[in-house]
Amino acid sequence: MVEGLHEGEQSGWWRTDPSEGSGARVDRLVRVEQRAIVTRAYASSLIPGPLQVYEYAVAAIRAYLPALPEDEVIQRAQRRTERLGDLQARPEGSRALLYIIDEPVLHRPVGNQAILRKQLAHLLITVSALPHVQLQVLPLSAGGHPGMAGPFTIFDFGDRRVVYVEALTGASWSSRPACLAAYSLAYDRLQAAALTADESMQRVAQRLAELETAWMLAGDGRSAVTAEEKTASRWRPWEPLSE
């Protein structure tokens with residue numbers, strides 16, 4: 001299945017044709033994502049796609065694809081928010097979704113502050129409820145790190161692995177041993193420098209509290225606190241929440 005990602009694979013490396021529609025690239029990514037046993041991803045500027053709420057997804061797609069027609073933006077955002085539902089835990093426990101995000105992601109108001117609040121609340125509830133999903137935050141105090149080269153994803157199928165790197169005009173895939181070794185080492189170092197899962201959730205909760213405090217102090221009534229935010233405000237690392 002991985003070998004069929006692109007006709008022109010050469011020595012374990014291939015790049016999608018820039019003329020290929022971005023929708024086709026997303027379709028391919030989703031197919032690979034659904035078949036992977038373990039997904040390890042590092043995100044430097046956005047919340048990982050499967051963890052995004054609809055409003056955040058719309059704002060993100062508009063930001064990096066400003067020429068995309070609005071109906072297609074909406075369609076892609078809806079599909080993106082459905083991806084996590086298609087990545088449920090397997091009965092035998094073989095699926096794991098491991099995400100590392102840079103701390104500035106928690107501060108970047110993609111769309112606006114209200115959308116960011118909703119997104120952070122969703123992270124708290126989603127990660128607490130899904131044992132096969134793990135989110136770690138790489139703190140600013142970590143200093144320089146391998147992720148400064150850019151975001152990447154490693155898909156593990158059990159008998160084979162592949163690295164995925166997305167760019168503005170296409171995407172690259174590689175199953176070369178040297179490439180896999182380099183990205184695996186980079187991910188291991190990022191994971192070692194990141195906060196633990198519980199510490200990361202505490203950092204997310206802290207950031208959400210800061211945003212809610214700023215909203216209340218502003219007192220301009222521009223947006224109301226959602227039910228999800230109210231639920232997240234009661235979050236404790238030892239006490240998973242349900243909506």
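The values are calculated or read from the model by the stated rules, or taken from the named source; none is laboratory data. These numbers come from a predicted model, not from an experiment. Glycine gets a Cβ as well: all are built from the backbone with ideal geometry, and neighbour counts include every protein chain shown. Just the protein is used for accessible areas: all its heavy atoms, side chains included, with ligands, DNA and RNA removed. Shrake-Rupley method; radii C 1.70, N 1.55, O 1.52, S 1.80 Å.
Things to note:
- Cα gyration tensor, region 160-209 - rounded (a/c under 1.5), prolate or oblate: oblate
- Nearest-0.05 FRET efficiency for Asp159 and Ala89, computed from C-beta distance (R0 25 Å): 0.75
- Check: region 66-198 dipole with +1 on Lys, Arg Cβ and -1 on Asp, Glu Cβ, in debye: 40
- When its C-alpha radius of gyration is set against 2.2 N^0.38 Å (N residues), region 92-194 gives a value of 1.19.
- Label positions at Glu82 and Glu199, each projected 7 Å from the Cα along the C-beta direction, are separated by 3.9 nm.
- Using a simple spin-label model with pseudo-atoms 7 Å out from Cα toward Cβ, Glu210 and His132 lie 3.4 nm apart.
- The trypsin sites (Lys or Arg not before Pro) of region 64-161 that meet both conditions, a loop assignment by DSSP and at most 15 other Cβ atoms within 10 Å of the site Cβ, are Arg160.
- Table column - 3J(HN,Hα) (Hz), region 162-173, Karplus curve with 6.51, -1.76, 1.60, x for Gly and Pro: 8, 9, 10, 10, 9, 10, 5, 10, x, 8, 10, 10
- Gain on full stretching of the segment that runs from Ser184 to Arg25 - 0.36 nm per residue minus C-alpha separation: 54.9 nm
- Among the chymotrypsin sites (Phe, Trp or Tyr not before Pro) in region 128-188, none is located in a DSSP loop while being surrounded by at most 10 other Cβ atoms within 10 Å of its own Cβ.
- Per the Debye calculation on region 13-172 with a single equal scatterer at every Cα and no solvent contribution, log₁₀ I(q)/I(0) for q = 0.08 Å⁻¹ amounts to -0.23.
- Solvent accessible area, Å² - His145, 1.4 Å probe, full protein context: 30
- Per-residue SASA entry for Glu92, accessible area with 1.4 Å probe, Å² rounded to 10: 130
- Intensity falloff of region 48-88 expressed as log10 I(q)/I(0), Debye formula with alpha-carbon point scatterers, at q = 0.15, 0.23, 0.28 Å⁻¹: -0.31, -0.66, -0.89
- Going by accessible surface with a 1.4 Å probe and the largest first, Glu199, Glu82, Glu72 read Glu82, Glu199, Glu72.
- Amide hydrogen proximity for Ala43: with H placed 1.01 Å from N in the peptide plane, the residues at 5 or more positions away or on another chain lying under 5 Å are Ile100, Ile101, Asp102.
- Spin-label pair Leu65/Gln113, simplified geometry with 7 Å Cα→Cβ offset, distance in nm: 3.0
- Heavy atoms of Ser128: accessible area, 1.4 Å probe, square angstrom to 10: 30
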